[in-house]
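One structure below.
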Amino acid sequence: ATLPYDDDNVFARILRGEIPSNRVYEDEWAVAFHDIAPQAPVHVLVIPRGRYVSWDDFSERASVEEIAGFVRAVGKVARDAGHVGPGYRLLANTGKRAGQEVGHLHVHIFGGAPLGPMLA
Ligand code: 5GP
């Protein structure tokens with residue numbers, strides 16, 4: 001079961017511009033910005049504009065249009081924005097047990113250099 005969405009989560013506040021972020025891309029569906037504690041030479045987070053707690057929540061409730069818009073945005077960021085590509089890794093921690101800390105869906109994009117083997 002997914003927890004209810006909390007409008008005071010840090011990424012909601014970044015979306016509203018209440019907390020500054022280093023944005024590399026934004027469109028109708030998504031906003032992308034640099035992670036504050038990068039775990040790769042380039043580490044960007046992509047979030048949907050809609051209020052979704054997690055990948056579980058988004059994949060169940062979002063419209064086909066929102067899903068397509070978000071997936072396209074992730075691809076654009078990975079290819080064209082923020083010095084991510086070519087070659088990158090996507091990650092979406094889902095739920096506390098997987099290490100999700102912020103309750104607004106975010107896809108991590110790691111890149112900026114050849115990446116080593118994936119760590120658990
Ligand atoms: P999670 O563990 O939920 O998958 O990832 C949360 C990510 O958000 C972490 O990599 C963390 O460094 C990043 N983060 C947390 N607070 C902020 C913030 O205020 N600004 C930015 N840009 N990133 C943040």
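Structure above, values below:
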item: Radius 14 Å from Cβ of Leu15, net charge of other residues (Lys, Arg +1; Asp, Glu -1); result: -2
item: Summed side-chain charge close to Ala78 - residues other than Ala78 whose Cβ falls under 13 Å, Lys, Arg +1, Asp, Glu -1; result: +3
item: Neighbour-count order for Ile19, Ile14, fewest beta carbons within 10 angstrom listed first; result: Ile19, Ile14
item: Extent along principal axes [Cα atoms of the range 29-120; Å; largest to smallest]; result: 35, 30, 21
item: Cleavage-rule hits, GluC sites (Glu not before Pro), the range 31-103, DSSP coil, Cβ neighbours within 10 Å at most 14; result: Glu101
item: In the range 2-59, the GluC sites (Glu not before Pro) that fall in loop regions by DSSP, at most 14 other Cβ within 10 Å; result: Glu18, Glu28
item: 0 to 90° range, to nearest 10: angle between helix 64-80 axis and the chain longest Cα axis; result: 20
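Just so you know, all these numbers are worked out from the coordinates, no wet-lab data involved. Because the structure is a prediction, the values reported are computed rather than measured. Cβ sites come from the backbone with ideal geometry, for glycine too, and all protein chains shown count toward neighbours.
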